[in-house]
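This report refers to the structure that appears directly beneath it.
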Amino acid sequence: MDRNDVKFMKEAIRLAVKGLGRTSPNPVVGAVIVRNGRVIASGYHKKAGQNHAEIEALSMIGGKGEADDILYVTLEPCNHYGRTPPCTEAIIRSGIRNVVVGMPDPNPKVKGGGIGFLRHNGVNVVSGVLEAECRSLNEIFIKFITTGRPFVIAKSALTLDGWSAASTGHSKWITNERSRDFVHRLRDASDAIMTGVGTIISDDPSLTARPKNRRGRDPVRIIVDTHLRIPHNAKVLNHNSDAETILATGEGATPALLKDIDRPGVSMVICPIKDGRIDLNALMDILGKRSITSLLLEGGAGVMGSMIKEKLIDKFHIFKAPKILGGDDGIPMARGKGPERMDQSISLRDTAVKRFGEDILITGYPEYEPKTQGTRSRAQGKKTLDRT
């Protein structure tokens with residue numbers, strides 16, 4: 001792989017990161033234009049409906065480049081009309097004849113179309129530069145565009161001996177302020193946040209995004225409430241936020257209960273029931289049809305256990321705080337029947353470890369199929385330890 005290609009693609013990735021949490025349901029994309037080994041223009045996709053990264057960069061040079069210029073872009077340029085015209089046509093009009101792409105567009109309806117169109121019109125295209133990094137950057141978009149479902153991130157905070165709360169339900173606070181700020185940044189970057197009605201009843205959280213030193217963007221709040229038990233004075237129903245609250249309730253909810261909850265900023269989705277509870281698989285389909293591409297799961301233990309059992313979680317963020325409850329009656333991270341053998345447990349791959357003061361955050365991607373004995377798990381791969 002060409003060293004300069006890597007260098008300038010890294011710059012495009014750095015720009016793309018600025019769009020995280022703001023471009024849904026579109027991907028995050030960064031672009032730079034290089035002339036004689038120097039970046040002369042750059043851009044990134046800021047918001048759905050606004051200019052794509054390539055157009056942002058081209059606008060800095062008046063839409064016209066030189067044949068020897070090189071356009072670096074983290075994602076295959078689009079070749080179809082959506083909210084904006086095709087980027088491929090703008091690239092061809094610019095006169096630039098060299099394009100380096102990080103990853104192909106995963107949309108099955110358009111995959112390869114942009115690269116093919118550029119090559120057909122005389123543009124030299126190199127693809128796959130830092131593809132793994134570009135795919136990681138757009139893991140949310142990839143899941144959504146290929147399945148129609150949101151990318152689910154599960155967050156949990158535990159004591160060293162594995163409890164998410166004391167036996168009374170008290171959990172404030174397991175982690176420190178720096179860890180909690182990271183969670184608020186996760187909320188700020190997510191389309192929606194989901195929890196069970198039990199958490200609302202016990203903690204009455206607001207489920208808003210309040211990152212330190214900047215204004216957050218509140219996610220849509222989704223409350224799993226099979227029998228519509230939510231208190232009418234709950235903060236999530238009486239909020240001062242632009243983001244709505246969605247109550248996912250069962251088909252047996254009575255008209256009287258539905259009417260009692262009816263108020264501005266609150267809506268309900270009636271979900272199928274499975275084993276006496278909301279069918280979470282069906283709920284994921286419903287949320288996907290509402291263009292919710294990313295979902296942050298913040299418990300409680302019942303919903304967490306059900307989401308794990310149904311294999312609906314794509315990524316885990318698990319905090320471990322240096323605290324010990326020292327009993328056997330706390331509230332676990334997840335409830336429900338687990339496997340009978342340790343080799344049937346869920347392994348995490350591509351794990352990363354990060355410190356927030358004395359707290360430790362473990363991030364990883366679940367592998368739901370158990371490994372056969374003697375097979376090396378990919379979870380033994382990338383491991384890092386960082387301090388912030």
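Descriptive notes on the structure:
- The lone criterion from (1) under 26 Å from the mean Cα position of the chain (by Cα); (2) basic (Lys, Arg); (3) assigned to a helix (DSSP H, G or I) left unmet by residue 210 is number (3).
- Selected residue (criterion: nearest to residue 196 (Cα to Cα)) from residues of segment 221-246 that are of a type in the set (D, E, K, R) and in contact with a Ser or Thr (Cβ under 8 Å, 6 or more places away or on another chain): 225
- Filter pass, residue 154 being touching a Gly at 6+ places or on another chain (Cβ under 8 Å), open to solvent by less than 30 Å² (accessible area, probe 1.4 Å), among the aliphatic types (A, V, I, L, M) and not in a loop (DSSP other than H, G, I, E, B): no
- Residue match in segment 239-253 (condition: of a type in the set (A, V, I, L, M, F, W, C), at pLDDT below 90 and farther than 23 Å from residue 23 by Cβ): yes
- Restricting 331, 324, 261, 292 to those that are touching a His at 6+ places or on another chain (Cβ under 8 Å) and either open to solvent by less than 40 Å² (accessible area, probe 1.4 Å) or among the hydrophobic types (A, V, I, L, M, F, W, C) (or both) reduces the list to 261.
- Whichever residue in segment 200-238 is over 25 Å from residue 278 (Cα atoms) and crowded, with 16+ Cβ neighbours inside 10 Å and, among such residues, is modelled with the highest pLDDT: 209
- Of all the residues in segment 171-229, those that are more than 24 Å from residue 292 (Cα to Cα), of a type outside the set (Lys, Arg), in contact with a Lys or Arg (Cβ under 9 Å, 6 or more places away or on another chain) and free of Cβ contacts under 8 Å to residues at least 60 places away in the same chain number 4.
- When the test is whether a residue is part of a strand (DSSP E or B) and either in contact (Cβ under 8 Å) with a residue 60 or more places away in the chain or surrounded by fewer than 24 Cβ atoms within 10 Å (Cβ to Cβ) (or both), residue 33 passes it.
- Subset of segment 59-89 [open to solvent by less than 10 Å² (accessible area, probe 1.4 Å) and not in a strand (DSSP E or B)]: 69, 76, 77, 86, 87, 88
- Meets criteria (modelled with pLDDT of 95 or more, open to solvent by 10 Å² or more (accessible area, probe 1.4 Å) and either farther than 17 Å from residue 146 by Cα or touching a strand residue (DSSP E or B) at 6+ places or on another chain (Cβ under 9 Å) (or both)) for residue 315: yes
- Checked against the criterion of being assigned to a loop (DSSP other than H, G, I, E, B), β-branched (Val, Ile, Thr) and under 19 Å from residue 10 (Cα atoms), the candidates 125, 100, 129 yield just one match: 129.
The values are calculated or read from the model by the stated rules, or taken from the named source; none is laboratory data. Model, not experiment: these values are computed from the prediction. No Cβ is skipped: glycine too gets one built from the backbone with ideal geometry, and neighbour counts run over all protein chains shown. We work out accessible area using only protein heavy atoms, side chains counted, and drop any ligands, DNA or RNA first. Shrake-Rupley method; radii C 1.70, N 1.55, O 1.52, S 1.80 Å.
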